[in-house]
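Colleague: Okay, handing you the structure first.
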Amino acid sequence: GGISHPTLYFAGNTDSTVHNSESGDTATAIPDGTTALVSPVQGRVIRVAVSAGQPVSAGMVLAVVEAMKMEFEITAPSAGDVTQVMVNEGDAVAEGAAVVALNNSGAVDTESQSEMQHDLDWIREDLAEALARHERLEDHCRPEAVARRRKTGQRTARENLNDLLDDNSFVEYGALALAARRRRMSEAELMDASPADGLLAGIGTVNSAKFGEERARCMALAYDYTVFAGTQGVMNHKKTDRMLQLADRWSLPVVLFAEGGGGRPGDTDFTGVAGLDCHTFAAMARLSGRVPLVGIVSGRCFAGNAALLGCCDVIIATRNATVGMAGPAMIEGGGLGKFRPEEVGPVSVQSANGVIDIVVEDEAEAVEIARQYLGYCQGRLASWDVGDQRVLRHLVPENRVRAYDMRQVIRALADTDSVIELRAGFAPGMLTALVRIEGRPFGLMANNPGHLGGAIDAEAGDKAARFMRLCNAMGLPIVSLCDTPGFMVGPDAEKQATVRRVSSMFVTAARLNVPFFTIVLRKGYGLGAQAMAAGSFHSPVFTIGWPSSEFGAMGLEGAVRLGYAKELAAIENEQDRQQTFDRMVAKAYEQGKGLNMASFLEIDGVIDPAETRRWLMRGAQATSEKHGFGDNGHFIDTW
């Protein structure tokens, strides 16, 4: 058994008898001026270190009693002489039974004695072994692994975690894990080849200086590509399952660095065949909608790693990333051809098709964006800056058919440097972004008049619906900047399943729990405009227009041609027919302009564009603030 910390037990220093055995027999009376030291437990004496008349020093071990495989030392409280020894080795003693008597009655400072007995700089052997095991995990002890990362222009997994998490906040779980290959490799070989079994995992904080420790809680998982190409081994999966269980139980946001090659062949230390009963993927999926899930990928990410990445709310990828549900070896093994890794799901493909939300230059920028993204889930910022809002009066051209830059409008409306655009490479007709207004986070979606005139096609419908679900899970109010002629129509559009895909905007908006605000910058036509207003102009907290706003059940020109086809056809002179058409369009515009719409209460007002932020903040304050994420049964659609 082990040795406990020294503990002093006294029977007093008066002239009295002391019980010294389990039978209750009494020992010789203890004279005045002496102290009897007693057994702290019922047990057996396994050592008597002193004899009567022997001088002792403070802290000296006088006897040892064993109980339940634990040893309890009886030590001298201060210097003195042993006056009597009441036990022999092998004796059974009761708790409180006298063991040794000393001729000392002075005060005892056990705290000072404890400090005197320990050299606080001394590292004992078991601690030294543990420290050495942890030390060899550090990057400076793995120069070859670091050099391989430098050749590809990438950082190590530990460097990424150190950058993501606040200083000194990381607590690593499972650092001593080794690959399940003890039947193939020695422990020493495994320590060199598989530190942490290729997965760094732990808890810490992100942005605690801005939002406080409670809101900054975070869990981070980072696959280490220098260990078996970042693959998922037996112990690796066990560690991941443990961490995801904790994230679920304690509602911890998860940041996943997903680089790696998927399932690892060659692990031997397990019982089973395919390992398809692991809980990792189900556990990750269960977190969707319950906690923020941020995926970061640099380099190659295939199979199981890609599946975990695909469960994330947002995917941030460096330009050198390649993401696929199988790597080249598996593709070739399936008889599907031979490809280089860079040909399987490069950023150029995965950004355009909507898999990747944010493309960055390198891992440092990826971590910076991840911290900013988590900030939108963590709450408001106390300080913020914004440009002169009068510029908004000039960003929509007076010429009603002139294109303009909607992104410029978004940047001018939001707090300075607060815009993160999501899925920028996908469905360019619909812009989606996270922004702040007066430090408060919002989700923002907007039609892009620079693509199809702002018409909502099938992909734009997918993008907007998924974004609304994301904002709903995050608890973010949604700002909709509307400038659309409606849904995209025509035979080609219908080949894209437009009927189903754009209708998802209506279905999603009908289930929103967060405030929705619609601002019509220019065109607000037909079903597309209603979709940008959560299904109806009276569904949002408010629907307002800028002075440039115009409305109609369909585009004005089309409405005139369709509604007055017979009248126009009856005019034989082409010039007269065009003049009549132009007059009808002008009349329709006057009838559908924002001021007239507001007079019929179809919208809630027409405002000075410079007042937009004030309306949004008043609207947000008038509604109850929604708390994001939680066990509400809702998940965020991965698409």
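The values are calculated or read from the model by the stated rules, or taken from the named source; none is laboratory data. These numbers were taken from a predicted model, which means no experiment stands behind them. Positions of Cβ are backbone-derived with ideal geometry, glycine not excepted, and every protein chain shown enters the neighbour counts. Keep in mind that these areas ignore ligands, DNA and RNA; they rest on the heavy atoms of the full protein, side chains included. Shrake-Rupley method; radii C 1.70, N 1.55, O 1.52, S 1.80 Å.
Colleague: Which count do you get for residues in region 312-355 that are of a type in the set (Gly, Ala, Ser), without any contact (Cβ under 8 Å) to a residue 12 or more places away in the chain and on the phi < 0 side of the Ramachandran plot?
Modeller: 4
Colleague: Moving on to the next point. Assuming Ala559 fulfils every condition listed in (1) part of a helix (DSSP H, G or I); (2) at pLDDT below 95; (3) surrounded by fewer than 16 Cβ atoms within 10 Å (Cβ to Cβ) apart from one, which condition is it?
Modeller: (3)
Colleague: Right, another one. Just one of the numbered conditions (1) under 23 Å from Leu293 (Cβ atoms); (2) buried (at least 24 other Cβ atoms within 10 Å of the Cβ) is not true of Asn447; which one?
Modeller: For Asn447, the failing item is (1).
Colleague: Restricting the first residue to region 230-246 and requiring it to be outside any helix (DSSP H, G or I), which pairs with a second residue that is open to solvent by 40 Å² or more (accessible area, probe 1.4 Å) meet a Cβ separation below 8 Å and a spacing of at least six or different chains?
Modeller: Partner pairs satisfying both residue conditions: Thr231/Gly263; Gln232/Gly263.
Colleague: Out of Val314, Val291, report the one residue that is more than 22 Å from Glu361 (Cβ to Cβ) and either open to solvent by less than 20 Å² (accessible area, probe 1.4 Å) or touching a strand residue (DSSP E or B) at 6+ places or on another chain (Cβ under 7 Å) (or both). Reasoning before the result, please.
Modeller: Details: Val314 fails: more than 22 Å from Glu361 (Cβ to Cβ).
Just one listed residue meets the conditions, Val291.
Colleague: Would you mention how many residues in region 169-204 are in contact with an Asp or Glu (Cβ under 8 Å, 6 or more places away or on another chain), under 30 Å from Arg371 (Cβ atoms) and crowded, with 22+ Cβ neighbours inside 10 Å? First the steps, then the outcome.
Modeller: First, the residues of region 169-204 that are in contact with an Asp or Glu (Cβ under 8 Å, 6 or more places away or on another chain): 174, 177-183, 195-196, 198-202, 204.
Checking the rest, the ones that are also under 30 Å from Arg371 (Cβ atoms) come to 174, 177, 195-196, 198-202, 204.
After this cut, where a residue has to be crowded, with 22+ Cβ neighbours inside 10 Å as well, the list is 195-196, 198-201, 204.
Matching residues across region 169-204 total 7.
Colleague: Could you give every pair whose Cβ atoms fall below 7 Å, whose first residue belongs to region 126-145 and is farther than 14 Å from Ala188 by Cα, and whose second residue is surrounded by 11 or more Cβ atoms within 10 Å (Cβ to Cβ) and basic (Lys, Arg), counting only separations of at least 6 or pairs across chains?
Modeller: Going by the 7 Å Cβ cut-off, the qualifying pairs are Asp139/Arg158.
Colleague: When residues of region 72-103 are filtered for being at pLDDT below 90 and touching an Asp or Glu at 6+ places or on another chain (Cβ under 8 Å), how many remain?
Modeller: Within region 72-103, residues that are at pLDDT below 90 and touching an Asp or Glu at 6+ places or on another chain (Cβ under 8 Å) number 1.
Colleague: Taking the residues in region 338-361 that are open to solvent by 30 Å² or more (accessible area, probe 1.4 Å), assigned to a loop (DSSP other than H, G, I, E, B) and not polar (S, T, N, Q) as candidates, determine which candidate is nearest to Val314 (Cα to Cα).
Modeller: By that ranking, first place goes to Val355.
Colleague: For residues that are out of contact with any helix residue (DSSP H, G or I) (no Cβ under 8 Å at 6 or more places or on another chain) and under 19 Å from Ala229 (Cα atoms), scanning just region 321-337, find the one that is least open to solvent (accessible area, probe 1.4 Å). Break it down stepwise before answering.
Modeller: Here is the first cut: in region 321-337, the residues out of contact with any helix residue (DSSP H, G or I) (no Cβ under 8 Å at 6 or more places or on another chain) are 329, 331-336.
Next, from what is left, pick out any that are under 19 Å from Ala229 (Cα atoms): 329, 331-333.
Values: Ala329: 82, Ile331: 28, Glu332: 96, Gly333: 71 Å².
The residue in question is Ile331.
Colleague: Could you list, in sequence order, the residues of region 205-222 that are touching a residue at least 12 places away in the same chain (Cβ under 8 Å), open to solvent by 20 Å² or more (accessible area, probe 1.4 Å) and of a type in the set (Gly, Ala, Ser)? Please lay out each step first, then the result.
Modeller: Taking region 205-222 as the starting set, the residues that turn out to be touching a residue at least 12 places away in the same chain (Cβ under 8 Å) are 205-211, 215-222.
Those still in the list that are open to solvent by 20 Å² or more (accessible area, probe 1.4 Å) too: 208-211, 215, 217.
Ser208, Ala209 - these are the residues of region 205-222 that are touching a residue at least 12 places away in the same chain (Cβ under 8 Å), open to solvent by 20 Å² or more (accessible area, probe 1.4 Å) and of a type in the set (Gly, Ala, Ser).
Colleague: Only one residue in Gly628, Gly619 is open to solvent by less than 70 Å² (accessible area, probe 1.4 Å), in contact (Cβ under 8 Å) with a residue 40 or more places away in the chain and not in a helix (DSSP H, G or I), so which one is that?
Modeller: Answer to the selection: Gly628.
Colleague: Which ones in region 420-444 are β-branched (Val, Ile, Thr), closer than 19 Å to Arg614 by Cβ and free of Cβ contacts under 8 Å to residues at least 60 places away in the same chain?
Modeller: Our first condition is that a residue be β-branched (Val, Ile, Thr); within region 420-444, this holds for 420, 432, 435, 437.
Going one step further and asking which of them are closer than 19 Å to Arg614 by Cβ, we end up with 435, 437.
Result: Val435, single match.
Colleague: Can you pull out every residue in region 577-616 that is open to solvent by 20 Å² or more (accessible area, probe 1.4 Å) and β-branched (Val, Ile, Thr)?
Modeller: Thr580, Val606
Colleague: A follow-up question, please. Which of the residues spanning region 491-505 are surrounded by 17 or more Cβ atoms within 10 Å (Cβ to Cβ) and not β-branched (Val, Ile, Thr)? Let's see the steps before the verdict.
Modeller: First pass over region 491-505, keeping only residues surrounded by 17 or more Cβ atoms within 10 Å (Cβ to Cβ): 493, 498, 501-502, 504-505.
Once the filter is applied, which keeps residues that are surrounded by 17 or more Cβ atoms within 10 Å (Cβ to Cβ) and not β-branched (Val, Ile, Thr), region 491-505 yields Ala493, Arg501, Ser504, Met505.
Colleague: Anything in region 405-421 that is over 27 Å from the mean Cα position of the chain (by Cα) and buried (at least 17 other Cβ atoms within 10 Å of the Cβ)? List them, or say none.
Modeller: Applying the first criterion (over 27 Å from the mean Cα position of the chain (by Cα)) to region 405-421 yields 405-409, 412-413.
Correct list: Met406, Val409, Ala412, Leu413.
Colleague: Taking the residues in region 562-573 that are assigned to a helix (DSSP H, G or I) and charged (D, E, K, R) as candidates, determine which candidate is surrounded by the fewest Cβ atoms within 10 Å (Cβ to Cβ).
Modeller: Lys566
Colleague: Inside region 238-251, can you point out the residues that are in contact with a Leu (Cβ under 9 Å, 6 or more places away or on another chain) and either open to solvent by 10 Å² or more (accessible area, probe 1.4 Å) or of a type in the set (D, E, K, R) (or both)? Steps first, please.
Modeller: First pass over region 238-251, keeping only residues in contact with a Leu (Cβ under 9 Å, 6 or more places away or on another chain): 239-240, 243-244, 246-248.
Lys239, Leu246, Asp248, listed by residue number.
Colleague: Still on this structure, please answer the following. Please determine whether any residue of region 422-436 is under 24 Å from the mean Cα position of the chain (by Cα) and open to solvent by 20 Å² or more (accessible area, probe 1.4 Å).
Modeller: Scanning region 422-436 turns up at least one residue that is under 24 Å from the mean Cα position of the chain (by Cα) and open to solvent by 20 Å² or more (accessible area, probe 1.4 Å).
Colleague: Which residue, of Leu381, Leu374, is in contact with a strand residue (DSSP E or B) (Cβ under 7 Å, 6 or more places away or on another chain), aliphatic (A, V, I, L, M), assigned to a loop (DSSP other than H, G, I, E, B) and at negative phi? Don't jump to the end; show me each part of the working.
Modeller: Working: Leu374 fails: assigned to a loop (DSSP other than H, G, I, E, B).
Answer to the check: Leu381.
Colleague: Does Gly461 meet the test of being modelled with pLDDT under 95 and within 29 Å of Arg393 (Cα to Cα)?
Modeller: Working: modelled with pLDDT under 95: no; within 29 Å of Arg393 (Cα to Cα): yes.
In short, no.
Colleague: Among (1) modelled with pLDDT of 95 or more; (2) open to solvent by less than 30 Å² (accessible area, probe 1.4 Å); (3) over 25 Å from Phe600 (Cβ atoms), there is one condition Arg522 misses while meeting the rest; what is its number?
Modeller: Going through the list (1) modelled with pLDDT of 95 or more; (2) open to solvent by less than 30 Å² (accessible area, probe 1.4 Å); (3) over 25 Å from Phe600 (Cβ atoms), Arg522 breaks only (3).
Colleague: Among (1) without any contact (Cβ under 8 Å) to a residue 40 or more places away in the chain; (2) aliphatic (A, V, I, L, M); (3) part of a loop (DSSP other than H, G, I, E, B), where does Leu176 come up short?
Modeller: (1)
Colleague: Report, by residue number, each residue of region 185-214 that is farther than 18 Å from Gly263 by Cα, assigned to a loop (DSSP other than H, G, I, E, B) and at pLDDT below 95.
Modeller: Hits for region 185-214 are Met185, Ser186, Gly212, Glu213, Glu214.
Colleague: Please name all residue pairs, on different chains or six or more residues apart, with Cβ atoms under 9 Å, provided the first residue is in region 364-387 and is within 18 Å of Leu444 (Cβ to Cβ) and free of Cβ contacts under 8 Å to residues at least 40 places away in the same chain and the second residue is part of a helix (DSSP H, G or I) and open to solvent by 10 Å² or more (accessible area, probe 1.4 Å).
Modeller: Once the first residue is within 18 Å of Leu444 (Cβ to Cβ) and free of Cβ contacts under 8 Å to residues at least 40 places away in the same chain and sits in region 364-387, its partners that are part of a helix (DSSP H, G or I) and open to solvent by 10 Å² or more (accessible area, probe 1.4 Å) give Gly387/Arg411; Gly387/Ala412.
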